[in-house]
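*Asks:* Dropping the structure in here first, questions after.
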Amino acid sequence: MFFSLNKKVIYTIAAFFIAISIIFLYSFYIAYGNKIQNEQINIFQRNQQYLEMLYENINLRKRLSQIDSHELVNIRQREAELSNEKKLTETAIRNYDIRYETIKDGIMIILFSAALISFLMIILGILIRRLVIIPINTLAEISQKISEGDLSLRAPVASDKQTHDELDILSSVFNEMISNIENNTIETKRREKFLQSLIDSIPDGICVLHPDGTIAVANKEYYRQINTRKGRSQHKCYALNHRRNDMCTDLSCPIKEIIHNGQSNFRGVQQFSNTPGHHFSINAAPLHITNNNGQKETLVVTSIRDLSDDIRFSHQQKLFSLGFLATSVAHEMKNHLGSIRMIVEGMLDKFYPGRKKSEEKKYLQMIDKQLIECIDVPERLLKLARNNSQTMSPTNCAENINDVISLLDYEAKRRGIIVKTRYEDSNISILGNDTDFKMVLINLIQNAFHAMDDDGKLDISVRRENKKHIAITVSDNGKGIPPANLPHIFEPFFSDGHNSPDKGNGLGLTIVKSVVESFGGTITVKSTPGSGTTFTMTFPQIKA
């Protein structure tokens with residue numbers, strides 16, 4: 001049975017009003033009814049006294065009429081007047097006392113009624129508090145805790161359905177609403193967890209950005225790439241990536257290009273502050289959504305890939321190609337050259353065993369020496385391919401530079417380039433491995449060949465800068481590097497905008513920088529357009 005809260009309040013107030021009215025009327029009847037009745041009796045008695053006095057006065061006048069003495073009459077009249085005045089005075093005094101007692105009784109009735117009304121109002125307040133205020137406060141407290149995230153709470157509902165009112169219905173609907181919110185929240189969290197797990201499983205870094213640079217969502221790979229702990233959403237991308245306090249203006253920014261410049265996509269290469277040794281390929285595209293306010297908003301989805309794997313793959317691919325070439329050259333040339341050398345040595349032993357010197361013997365010996373050097377070429381290639389170990393060991397600079405120059409000697413002569421070497425000490429060594437060190441030199445020397453015209457000059461020097469470091473410089477007199485391109489030459493896939501048959505994949509200098517830094521060294525470049533370029537590598541020095 002539904003019993004309206006409105007009816008409860010109205011019936012309660014009506015019951016209190018009727019009770020107060022009955023009590024007040026009964027009290028008034030008891031107090032003032034008796035007083036009015038007594039006053040009526042007193043008035044009747046006083047009128048009766050007036051009548052008796054009147055009859056007595058008439059009788060006295062009759063008697064006095066019989067007395068001739070005028071003085072006696074006056075005396076009697078005065079006595080009668082005094083007697084009447086005395087009675088009237090006593091009656092007035094008695095009436096005053098009765099009215100005073102009535103006022104006192106009225107005041108007592110008013111005080112008693114006020115106390116009774118106050119008591120009844122307190123009871124009414126307690127009932128209203130119990131029926132209305134406490135349930136509403138309970139709903140308010142539960143709503144506050146639910147707004148703080150505790151969805152397990154429920155509003156109390158009366159167990160007796162016969163006394164259900166509007167507040168009980170409100171509590172039931174409120175509990176049902178919270179249950180729906182809790183279920184929807186669980187489902188939303190499940191979907192968010194699935195979405196987060198989905199983007200976390202992507203091998204590339206994924207980051208969704210607001211137009212102001214705020215990170216909306218990102219995956220684990222992104223936080224690994226920027227070397228920052230996960231869970232820092234609502235932070236600014238420029239603060240995490242580049243340790244800046246405002247939007248990037250001097251960098252190629254995907255937000256600027258897509259949001260402000262209206263591009264449909266963005267591609268670029270960046271380095272992050274916490275991972276300075278890595279280059280990252282940035283691919284971005286717009287994401288159009290409708291926010292909670294019903295307004296359309298454009299976000300930027302960025303895909304970030306660490307190019308270190310591409311650099312290592314390119315380096316390994318070069319080593320593999322070099323190993324394949326070395327194996328092929330060794331297989332095709334070494335046996336044939338060895339056979340020719342055996343023939344030459346046999347001719348020397350057979351035809352010139354005892355003769356000390358002759359022109360023919362001299363030429364045959366020169367041929368034998370050149371054959372030995374030719375056989376050393378595939379041996380160097382095989383050594384370069386086989387020694388692809390990541391184990392660090394003392395690496396002699398002079399020996400490895402000479403091996404690389406020997407490998408590239410034909411190309412230098414074909415281009416008419418003069419290669420000069422200067423060694424402060426032939427025993428200077430660094431901590432690294434021969435294969436990677438030679439690959440660094442091959443990249444730098446080949447770049448120098450491509451930058452120079454015929455009759456160019458290439459200088460390679462090794463010197464001690466101080467007691468702890470050595471410096472290796474590779475300097476050419478080629479066309480140089482434009483100043484605008486100089487800060488970007490070590491970036492992966494960087495292009496100077498010129499097409500050339502000698503142009504590679506743009507990873508050569510990136511590989512060089514990566515290898516040098518893996519050896520604990522640094523590399524710098526100085527270039528003057530039209531005059532040449534100098535690369536300087538600095539390594540910690542060790543004893544050979």
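The values are calculated or read from the model by the stated rules, or taken from the named source; none is laboratory data. Source: prediction; values computed, not measured. Don't worry about glycine lacking a Cβ; one is built from the backbone with ideal geometry, like all the others, and counts go over all protein chains shown. Accessible surface areas use protein heavy atoms only, side chains included; no ligands, DNA or RNA. Shrake-Rupley method; radii C 1.70, N 1.55, O 1.52, S 1.80 Å.
*Asks:* Counting only residues that are of a type in the set (S, T, N, Q), open to solvent by less than 60 Å² (accessible area, probe 1.4 Å) and modelled with pLDDT of 85 or more, give me the strands (runs of 3 or more DSSP E) lying completely in segment 200-316 with at least 3 of them.
*Replies:* Ranges flagged: 296-306.
*Asks:* Just wondering, is there one or more residues in segment 355-366 that are loosely packed, with under 12 Cβ neighbours inside 10 Å, of a type in the set (A, V, I, L, M, F, W, C) and at pLDDT 60 or above?
*Replies:* Yes, that holds for at least one residue.
*Asks:* Go through the residues of segment 398-412 one by one and say whether even a single one is open to solvent by less than 70 Å² (accessible area, probe 1.4 Å), closer than 19 Å to Ser514 by Cβ and modelled with pLDDT of 90 or more.
*Replies:* No, there is no match, as no residue in segment 398-412 is open to solvent by less than 70 Å² (accessible area, probe 1.4 Å), closer than 19 Å to Ser514 by Cβ and modelled with pLDDT of 90 or more.
*Asks:* Here's a follow-up. Filter segment 185-224 down to the residues that are within 16 Å of Cys237 (Cβ to Cβ) and of a type in the set (Gly, Ala, Ser), then identify the one that is farthest from the chain's Cα centre (by Cα).
*Replies:* Gly205
*Asks:* Let me ask something else about it. Do we have Ser113 as touching a helix residue (DSSP H, G or I) at 6+ places or on another chain (Cβ under 7 Å), in a helix (DSSP H, G or I), among the hydroxyl-bearing types (Ser, Thr, Tyr) and modelled with pLDDT of 65 or more here?
*Replies:* Judged against the criteria, Ser113 is a match.
*Asks:* Against the definition (open to solvent by 50 Å² or more (accessible area, probe 1.4 Å), outside any strand (DSSP E or B), of a type in the set (D, E, K, R) and touching a residue at least 12 places away in the same chain (Cβ under 8 Å)), how does Arg191 come out, yes or no?
*Replies:* no
*Asks:* So, one more: So, of the residues in segment 413-436 that are within 56 Å of the chain's Cα centre (by Cα) and among the charged types (D, E, K, R), which turns out to be most open to solvent (accessible area, probe 1.4 Å)?
*Replies:* Per the stated criteria, the residue is Arg422.
*Asks:* Out of Ser152, Ser159, Ser147, which single residue is within 30 Å of Thr298 (Cα to Cα), of a type in the set (Ser, Thr, Tyr) and either open to solvent by 60 Å² or more (accessible area, probe 1.4 Å) or in contact (Cβ under 8 Å) with a residue 12 or more places away in the chain (or both)?
*Replies:* The match here is Ser147.
*Asks:* Those residues that are among the basic types (Lys, Arg) and within 15 Å of Asn466 (Cα to Cα), I need them from segment 510-544; list them, please.
*Replies:* Lys543
*Asks:* Being open to solvent by 70 Å² or more (accessible area, probe 1.4 Å), at pLDDT 90 or above and part of a strand (DSSP E or B): is that true of Thr524 here?
*Replies:* The answer is yes for Thr524.
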